[in-house]
Each structure stands twice: as structure tokens, then as C-alpha cells.
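These notes concern the structure reproduced below.
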Amino acid sequence: MIVGVPKETSEGERRVALVPELVSRLSKAGLELLVENGAGVSAGFPDAAYQQQGASLDSNFLSRADIVLKVQPPNSSEIQSMKESVLLIGFLAPYNQPEMIKALAARKATAFAMELMPRITRAQSMDTLSAMSTVSGYKAVLLAASRLNILPAAHDRRWNAYSRPRIHHWGGRRRFASDWHRPPSRRRRRGL
């Protein structure tokens, strides 16, 4: 079977449906992988990385691929280029694009919309929405912190988890910052 990974054509889409480290695993399973030239470049994966793992670069592979992996739904020209009875896997938004679904049905394609994969324990390894929301949640916090200019410096001890506790001197007594979270009775027992 031939697996094809096209370059994403949606505006602003930087992801790629298959990373190079998975190419060797799929090749060992007996699949031939064809990757479109430049498919992973915007995601940070050069064509050479795919070739090193065993994939072939090809720009006219859609007519030969038995399985097509995409991130965004295919456009009409991609659907017309696909082989009949192709298996399409990706984020397809089937409820928002009935024309695309009709075009895929006319090509006798079998399509798996990854966003409709059940979010249950058994299907957790295939749950792409949880993985994407986790990544976007982390990225949102980092983007907000960088916009607000509140990212801590790596050498700032206040943000270092392994730094010693701060000792404050008020009125000649040593007080640990952590002591203010204790009840007053425990503070008195320690002589604070």
C-alpha cells in the first residue's frame, strides 16, 4: 500500500500530517511512503529528514496513493487528483463542508474525520483533539506572557524551583517566607 502526505494548502496551516520519525515505523509495517516536496518545511521538517527515514519525495503522488494523510480538508483539485477508492485520514469538518463530502463520495473514497474520533479511554491513542488542545493551551499561556512581558529570566532565583527559601529579617527575628502559611500557634512553637 502507498501512503501519501501532501503539502497543506490551507492558508496559515503550518502543520504536517506525518512527522519523519513515524516514517520508519510505517515502512517496517510494509507501507510505501510518498511525501510531497516541501510538505513538512513549514512545520520544521525538511525534505531530507523524510528521505533519511525512508520516504520518497514525489509531487504527483495523489493519483497513486491508496491512503492520504492530511491535516486540513482537501480542496476540490486535490479530491479530483486522488485515486478512486482512496482512504483519506485527517481533520475534515464534514458537517461544515457538504460539497467536499459529496465529491469524496463520487470518488468512492473512505474518509476518517479525526475530530469525530470518540474521546474515550480505549481510543485515547487516536484522540487528536486532546493533544491539539493541550499544545494550544500551553502556547496560549506562553504567548500571553510574552505579550505582557512577564516571562521570567532563566537566572532569576525567584522563579527557580531549586533555589533556597528566602529569609526575611524583621525586628531581629529570622522568618522564613513559608512560615506565614502556618497557623500562629506553630509559629510560636518555633520561636518566631
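The values are calculated or read from the model by the stated rules, or taken from the named source; none is laboratory data. What you see is a predicted model, and the numbers here were worked out from it, not measured in a lab. For neighbour counting, all protein chains shown are included, and Cβ atoms are generated from backbone atoms with ideal geometry for every residue, glycine included.
Couple of notes before you dig in:
- Scanning the stretch 62-85 for residues that are assigned to a loop (DSSP other than H, G, I, E, B) and within 25 Å of the chain's Cα centre (by Cα) returns 62, 65, 66, 70, 71, 72, 73, 74, 75.
- Taking the criterion of being of a type in the set (Gly, Ala, Ser), under 23 Å from residue 93 (Cα atoms) and assigned to a loop (DSSP other than H, G, I, E, B), the residues of the stretch 7-42 that qualify are 10, 12, 17, 39, 40.
- Residue 87 surrounded by 13 or more Cβ atoms within 10 Å (Cβ to Cβ) and not hydroxyl-bearing (Ser, Thr, Tyr): yes
- Look at the stretch 19-36: where a residue is at pLDDT 95 or above and a partner is basic (Lys, Arg), sitting 6+ places away or on another chain with Cβ atoms under 6 Å, you get 36/7.
- In the condition set (1) more than 26 Å from residue 127 (Cβ to Cβ); (2) of a type in the set (Ser, Thr, Tyr); (3) in contact (Cβ under 8 Å) with a residue 40 or more places away in the chain, residue 85 is compliant with all but (3).
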